[in-house]
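The values are calculated or read from the model by the stated rules, or taken from the named source; none is laboratory data. Quantities reported herein were computed from a predicted structural model and do not represent experimental measurements. Methodologically, a virtual Cβ is constructed for each residue, glycine included, from the backbone with ideal geometry; neighbour enumeration extends over all protein chains shown. The protein model used for the area step is the full one, side chains on, heavy atoms only, and it has no ligands, DNA or RNA in it. Shrake-Rupley method; radii C 1.70, N 1.55, O 1.52, S 1.80 Å.
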Amino acid sequence: MATVTFRDETATGVPVTEWEVAGLPERMTVRELIGLRVREEVARYNSHPSHHFNGLVRPDDAETELNGYRLREPRRIDWERQAETAERAFLANGFFVLAGDRQVEDLDEVVDLTVDPDLVFVKLVALAGG
């Protein structure tokens, strides 16, 4: 079984958040890892819903804030819907994923978590006026 570290970083490499998940298979696809990450962050949010959601992608009916997303009303978030949104964002270059020191480019690419247990997520932000 493997332990993976999920870390969010800015485009300049500054760490923003980090957490570990243990007991994982040694090999998982990028799609599975994104789904796992989203399921974990939604479960944390759903255990204490608030107006602020700090996750990989914006939930429906939420506004982007400096450090996350603001929901109009605290509510439960559907992790499967969030995972689908995250997959679409990955495919549209809304964020990229680094496994170890290499960028993974395909949702079906398999990551060996015994070799690359650190996954870095970098959200890309559209430039104003761009």
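Residues with beta-carbon under 11 Å from that of residue 112, excluding residue 112: net charge, scoring Lys, Arg +1 and Asp, Glu -1?
For residues surrounding residue 112, the net value is -2.
As I understand it, the value is the acute angle between the Cα axis of helix 30-47 and the longest principal axis of the Cα atoms of the chain; what does it come to in degrees, rounded to 10?
For 30-47 against the chain, the angle is about 40 degrees.
Could you tell me the center-to-center distance, by alpha carbons, between segment 87-128 and segment 18-54 in angstrom?
Answer, in whole Å: 15.
What is the mean projected area of the alpha carbon convex hull for segment 55-130, to one decimal in square nanometres?
Mean projected area of the Cα convex hull: 6.6 nm².
At a probe size of 1.4 Å, how large is the accessible area of residue 57, to the nearest 10 Å²?
Accessible surface of residue 57 is approximately 10 Å².
Just to confirm, what accessible area per residue do you get for the chain at 1.4 Å probe, in whole Å²?
Per-residue value: 59 Å².
Roughly speaking, to the nearest percent, how much of the chain's 1.4 Å accessible area is carbon and sulfur?
The value for the chain is 49 percent carbon and sulfur by accessible area.
Please report the accessible area of residue 96 (heavy atoms, 1.4 Å probe, ligands and nucleic acids excluded) in Å², nearest 10.
Here the accessible area works out near 50 Å².
Order 80, 105, 41, most accessible first, counting only protein heavy atoms with a 1.4 angstrom probe.
105, 80, 41
Excluding ligands and nucleic acids, what accessible area in Å² is computed for residue 10 using a 1.4 Å probe, to the nearest 10?
The accessible area of residue 10 comes to roughly 50 Å².
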